[in-house]
Amino acid sequence: MGQAGTLILVMAAAVVAPLLAHGVGRWARIPVVIFEIVLGILIGPDVLGWAHGGEVVDVLSDLGLSMLIFLAGYEIEFAAIKGDTLRRSVAAWVVSLALGLAIALALTGLDLARTVIIGTALTSTALGTVLPILRDSGDLEGRFGTVMLAFGAVGEFGPIIAMAVLLSGRSPGTATVVLAVFAAITAAAVFWALRPRPPWFSQVIRTTLHTSGQFAVRFVMLLLVAMLALSQAFGLDVLLGAFAAGLLTRLVLVGAAPESSEEVLEKVEAMGFGFLVPLFFIVTGIEFDLASLLDGGRTLLLLPVFLVLFLVVRGLPAYFLAPRDLSPLSRRALTVYSATCLPLVVAITAIGVDDGVLAQSDAAALVGAAMISVLVFPLVAMRLRARARGTAPELPRGAGETETW
């Protein structure tokens with residue numbers, strides 16, 4: 001089937017996925033992303049063989065991943081995750097990176113190139129995937145939501161930085177310099193974003209919000225594309241630009257048009273979660289190497305190993321370094337949510353396969369374990385949070401916090 005037919009099937013799967021999630025919801029709350037991936041596998045070459053990857057579909061899928069990371073960046077509220085919470089989240093990820101690289105070094109038999117790929121993949125948190133689940137369950141508000149945002153943001157941003165330094169093909173020193181220049185330009189953009197906007201800016205946002213002009217949405221897309229292009233020009237992963245664009249967009253919109261920012265975000269989310277993001281997850285399913293897993297052997301054995309390692313490498317540091325004011329049940333939920341991963345695992349393993357460093361079978365085991373983490377871990381975390389809410393009252397976001405920079 002050609003690209004047009006594949007795209008039709010992908011969009012049909014995108015429509016069916018929430019229907020399945022809604023239907024199953026009366027028995028179990030399963031994230032819609034699971035149905036998207038499973039439907040992608042079903043229509044893909046290893047099962048029905050109806051849909052195949054291609055240039056057009058792959059470009060749209062890459063845009064979907066960028067939009068997912070962009071929306072994760074937009075959700076970050078630095079005023080809420082500052083101080084001790086931020087320090088703890090950074091420390092937890094640094095421990096995860098050291099632990100992941102050490103374990104990967106042992107797994108690969110001291111193969112440094114494969115170690116970097118596998119070790120970095122083990123440290124990621126799928127904040128963009130977890131956020132809709134947190135929002136739907138009501139856990140995004142309150143102290144737990146603040147902590148989860150901090151740990152998830154660092155778990156999303158940290159691996160992107162590691163990819164920029166370790167997987168760019170440059171020497172670590174050169175990569176660090178390039179990254180520092182990119183950071184300086186981004187800091188200048190943040191300074192610009194924090195400056196007061198002229199009155200006409202917010203007026204145009206308001207007056208075109210419900211017209212065909214849609215100035216705010218177009219401006220957001222310009223920021224996203226500009227940051228993607230900037231990161232690509234520096235030879236960095238475009239996901240770094242997508243995350244930075246999300247941060248910048250929040251600063252600009254909240255500062256210039258706070259009364260319209262939520263409505264603008266709803267429009268951008270509709271574009272993302274209504275089209276681009278599900279396309280990414282469905283194409284991930286289509287391109288998943290199911291045959292390697294079904295053949296058994298080493299690939300099938302590695303899958304549960306990687307699943308456990310996600311909990312050990314990413315989850316345990318989050319548990320031990322979580323803020324002391326979280327209840328034990330909430331800390332366990334944080335552990336499981338932090339170990340939930342997928343988008344960056346797909347991106348990192350794709351780099352490894354393209355560079356000839358990582359075998360397709362090893363990539364399939366990593367991605368397969370990440371897919372199971374998205375299926376299983378949020379369900380476990382939601383149950384833990386439900387029990388936590390039943391045993392202790394939840395503070396609203398910001399209440400009871402005395403953190404300082």
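The values are calculated or read from the model by the stated rules, or taken from the named source; none is laboratory data. Every value quoted in this text rests on a predicted model; they were computed, and no experiment measured them. Cβ atoms come from the backbone with ideal geometry, glycine included; neighbour counts cover every protein chain shown. Just so you know, the surface numbers come from the protein's heavy atoms only, side chains and all, with ligands and any DNA or RNA stripped out. Shrake-Rupley method; radii C 1.70, N 1.55, O 1.52, S 1.80 Å.
In this simple spin-label model, placing a label point 7 Å from the Cα along the Cα-to-Cβ direction at both VAL16 and GLN360 gives a separation of 2.5 nm. Rg over Rh for segment 270-377 works out to 1.04, both radii taken from alpha-carbon positions and Rh defined as the Kirkwood radius. At a Förster radius of 45 Å, what calculated FRET efficiency corresponds to the Cβ-Cβ distance of ARG387 and TRP200, to the nearest 0.05? So, using R0 = 45 Å, E works out to roughly 0.30. Convex hull volume of the Cα atoms of segment 216-273, normalised per residue: 67 Å³.
Descending by average beta-carbon neighbour count within 10 Å, the peptides 38-49, 313-324 line up as 313-324, 38-49, the highest first. With each label modelled as a point 7 angstrom along the Cα→C-beta vector, the VAL56-THR211 pair spans 3.4 nm.
Computed over the chain, the Cα gyration tensor eigenvalues convert (square root of 5λ each) into semi-axes of 30, 26, 24 Å, ordered from largest to smallest. With θ taken as phi - 60° and the Karplus curve 6.51 cos²θ - 1.76 cosθ + 1.60 applied, the whole-hertz 3J(HN,Hα) list for segment 45-53 is x, 7, 10, 7, x, 7, 10, 9, x Hz, x standing for glycine and proline.
At full extension, ARG135 and ALA180 could sit 12.8 nm farther apart than now, given 0.36 nm per residue minus the alpha carbon distance. Are there any helices in the chain, counted as whole DSSP H runs, that stretch 30 Å or more along their axis by Cα and score at least 0.0 on average by Kyte-Doolittle, and if so which? Helix filter hits for the chain: 3-24, 83-107, 142-166, 172-194, 360-391. Taking 0.36 nm per residue of separation and subtracting the Cα-Cα distance, full extension of the segment from LEU294 to GLN3 would add 102.1 nm. Counting only protein chain heavy atoms and rolling a 1.4 Å probe, the accessible areas of ILE348, ILE8, ILE161 rank, largest first, as ILE8, ILE161, ILE348. P(r) tail for segment 129-175: Cα pairs beyond 14 Å make up 59% of the total.
Using C-alpha pairs below 8 Å separated by at least 6 residues, the relative contact order for the chain is 29 percent. For the options ASP139, ASP62, ASP111, a Gaussian network treatment of the chain with springs between C-alpha atoms closer than 10 Å singles out ASP111 as fluctuating the most. For segment 207-317, the percent of C-alpha pairs falling in each 5 Å distance bin, counted from 0 to the bin holding the largest distance, reads 2, 10, 12, 14, 14, 13, 12, 9, 6, 4, 2, 1, 0.
Packing order of peptides 298-309, 280-291, 369-380, highest average first: 280-291, 369-380, 298-309 (average count of other Cβ atoms within 10 Å over each peptide's residues). Paramagnetic label reach from ALA28 (point 7 Å along Cα→Cβ; backbone nitrogen cut-off under 20 Å): within segment 301-332, residues 303-305, 307-308, 311. By the compact-protein rule of thumb, 2.2 N^0.38 Å, the alpha-carbon radius of gyration of segment 3-131 corresponds to a ratio of 1.36. Taken over the C-alpha atoms, segment 95-239 has Rg and Dmax values of 19.4, 62 angstrom.
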